[in-house]
Each structure stands twice: as structure tokens, then as C-alpha cells.
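Worksheet: the structure to be examined is printed underneath.
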Amino acid sequence: MPNRADSRKAILFGIMAGLILLNLVTFIAAFPETQAIDSGCCGSRPLAKDFSAFYVGAWRLLNDQSNVYTPGNVNDGGPLTPPQPEGYKYLPSFLLLVAPFLALGYQQALTAFDVFQFLLLPLIALLVYRLVGEKGLAVTAVVAVIALLQPSPLPHWSLSASYYWQWAEGQPKVLETFLILASFYLGKTKRPLLSGAVLALSVFDVRFAVLALPLFVMYNRASLRAAGLTFVAVSLLTNAALLLPGVGSGFVMMVFSPGLSTPIYYYVLIPLLTILSITAVNVRGVLAAFGRGPRSPSS
């Protein structure tokens, strides 16, 4: 007969599988929106999808570096995404991750990027289990719901507003969540160099890398120097494009104009609430890592 631990594990993985299936329903509902030119979730004028900024930005990084952060269309022979591409607002490191998708046309690349991220959901589920599974069935299930679905009372956007617009806009928030959780897990399993390197790959959106730092410190506290130095080194290496003419100055101009005024859209809640929920579960361990409380052996 299965023991209690095996039964709990089976229940958890059943819950997680159900959440991913419900997310698939949301993915299918959002797919037509990926091909629409409209105002999106929160505006009044027709816009290209957010993925247009990443796709065009990746092309410009390879072919027209001085215009990576130039908003709108540029007469440089690059891809066209009507009515015009959205402005790129991340560090250039993310464009290295998007570059392989340039082998496809824009619409096919958007779909492939979404599918790639959807396939990360089972890995995110496994990481959630590895990170908080010892905290109990109820806690793990709650974190899984937050990370894998985030159900919302907005039925016209399927089962989850966060994930509907994640898929509809071709946003990278699932990839970002995966990288951050993978960094935590690598730190927890005593692989600080890999932990620092993987977190550095997520730093393209600095907000969530900063939010993840307390847990990063907690999970790597035994080898924090190695993890931290690797994080800094890989962050600098993958963002070396900032030294190219026009890229660094364009990034600074973007940050101090539209970058700082970017609102919190629904898809931002995917990494935001996932990191906050795991932080809440491990609050004693985080405090101990910063020398403000007793060390929690289970963290």
C-alpha cells in the first residue's frame, strides 16, 4: 500500500496536472487574440502585440544596433509588425534569448514562443514541488495555483486574466518565472554557480530579479559569494551589448521616459505573485539568511 507521503505527492501532481490543463484552455482561448490588431487589455488605440518589441528588437540587435530602443518603425529593412512594433523596454540580454525565433516569420515566432513557454509549465510545477513541497499539501497547492493558473473572475478573458494576456501578447513572464525558480532550486541543491548564472538570465526585467534576491540569498547562503559573483559576471557578459554605440544611450533614454511609467499589466502578476508566495512561505528562512531571526532548518 502507498504510504502517506506517496499519497500526498500523487494528490499534488494531480492538482498541478489539472491546473496545467486549465491553463491550456486559457491558451486556446487566447490564441485568436495573438493575431488581432486591437487595443489589447487596457487601452483605446490599435497596437501590435508586445512580442513585436522583442522580435524587432532582436533583429535590430543583430543588424541595426543603434535602433534597438527606437520606438516604432525604422526604415532599416527590418521586419514590419503593423501598425508598428511596440517599444523595447528590457535589457538587451533578453534579445539573445529571442534571436533563435527570428528563423520564423513574426506570427509563427509569436506562436512558437508561447508554445515553448507553455511547455515550461510542467517544469515550473516540479520546481514548486521541490521548493515548497515540504511545507505541506495545502501550502504547496496554493503556491501551485498561483504559479500555474492564477484563476480570475473575468470570464471574458477565459480562466485567468494573467495567463490570457501572457499568451495573447507573447510576453516572457513564464520564461522569467521558470528561470527564477530554477535559480532557487539550484541554490537549494548546492549548485551556487549555476544558480547565479540562471538568475542572471532572468535579469532582463530587473524588477523581478530584485524581488527574487532575498530568496536567492536564502537558498545560496552557504555559498553566497560564489553565487553572487557568478550572477554579476553573467549579467555583465550577457548585457555587453550596452557598450555598443546607441544601445546604452537608448536604454538610458527608454528608462527615463516610457520605461519608468510602464503600468503593472495582468501578466506581471505571474512572476510577482509566485515570488511573493514563496517568500511568504519561507519568511523565517529569509530573515535568518539576513541575520534577523532563527535559522529555519526546513528552508
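The values are calculated or read from the model by the stated rules, or taken from the named source; none is laboratory data. Note that the structure is a prediction, hence the values are computed from the model and not measured. Cβ: placed from backbone, ideal geometry, glycine included. Neighbour counts: every protein chain shown.
Evaluation of residue 59 against the conditions (1) touching a Pro at 6+ places or on another chain (Cβ under 8 Å); (2) over 30 Å from residue 93 (Cα atoms); (3) of a type in the set (Phe, Trp, Tyr) shows that the sole unmet condition is (2).
Screening residue 23 on (1) in a helix (DSSP H, G or I); (2) at pLDDT below 95 shows it passes everything except condition (2). The residues listed here are 18, 40, 77, 57; of these, the one that is more than 22 Å from residue 251 (Cβ to Cβ) and modelled with pLDDT of 90 or more is 18.
Do the conditions hold for residue 227, that is, is it surrounded by 23 or more Cβ atoms within 10 Å (Cβ to Cβ), at pLDDT 95 or above and either among the β-branched types (Val, Ile, Thr) or in contact with a Gly (Cβ under 6 Å, 6 or more places away or on another chain) (or both)? So residue 227 fits the description; yes. Please indicate, with yes or no, whether at least one residue in the range 118-140 is at negative phi, at pLDDT 95 or above, surrounded by fewer than 22 Cβ atoms within 10 Å (Cβ to Cβ) and among the charged types (D, E, K, R). Checking the range 118-140: at least one residue is at negative phi, at pLDDT 95 or above, surrounded by fewer than 22 Cβ atoms within 10 Å (Cβ to Cβ) and among the charged types (D, E, K, R). Taking the numbered list (1) under 24 Å from residue 239 (Cβ atoms); (2) outside any helix (DSSP H, G or I); (3) of a type outside the set (A, V, I, L, M); (4) free of Cβ contacts under 8 Å to residues at least 40 places away in the same chain in turn, residue 204 passes all entries but (4).
Scanning the range 270-293 for residues that are aliphatic (A, V, I, L, M) and in contact with a Gly (Cβ under 8 Å, 6 or more places away or on another chain) turns up just one, 287. Within the range 117-140, is there a residue that is more than 24 Å from residue 279 (Cβ to Cβ) and either acidic (Asp, Glu) or touching a residue at least 24 places away in the same chain (Cβ under 8 Å) (or both)? Yes: one or more hits. Total residues in the range 1-45 satisfying the condition of being of a type in the set (Asp, Glu) and closer than 20 Å to residue 130 by Cβ: the figure is 1. Checked against the criterion of being more than 21 Å from the chain's Cα centre (by Cα) and under 13 Å from residue 247 (Cβ atoms), the candidates 64, 76 yield just one match: 64.
Entry remark, the range 54-85: residues being without any contact (Cβ under 8 Å) to a residue 40 or more places away in the chain and either crowded, with 22+ Cβ neighbours inside 10 Å or over 20 Å from residue 33 (Cα atoms) (or both) number 13 in total. Here residue 240 meets the list (1) under 16 Å from the mean Cα position of the chain (by Cα); (2) farther than 21 Å from residue 288 by Cβ; (3) free of Cβ contacts under 8 Å to residues at least 24 places away in the same chain almost entirely, failing just condition (1).
Only a single criterion out of (1) exposed (fewer than 15 other Cβ atoms within 10 Å of the Cβ); (2) within 23 Å of residue 264 (Cα to Cα); (3) touching a strand residue (DSSP E or B) at 6+ places or on another chain (Cβ under 9 Å) is not satisfied by residue 28, namely (2).
For first residues located in the range 163-185 and outside any helix (DSSP H, G or I), partners that are basic (Lys, Arg) and lie 6+ apart or on another chain with Cβ distances below 8 Å form the pairs 170/49. Per the listing 112, 147, the residue uniquely within 30 Å of residue 11 (Cβ to Cβ) and either surrounded by fewer than 21 Cβ atoms within 10 Å (Cβ to Cβ) or of a type in the set (A, V, I, L, M, F, W, C) (or both) is 147. Going by what's in this entry, would residue 233 be described as among the small types (Gly, Ala, Ser), over 17 Å from the mean Cα position of the chain (by Cα), in a helix (DSSP H, G or I) and surrounded by 19 or more Cβ atoms within 10 Å (Cβ to Cβ)? Spelling it out, it is not the case that residue 233 is among the small types (Gly, Ala, Ser), over 17 Å from the mean Cα position of the chain (by Cα), in a helix (DSSP H, G or I) and surrounded by 19 or more Cβ atoms within 10 Å (Cβ to Cβ).
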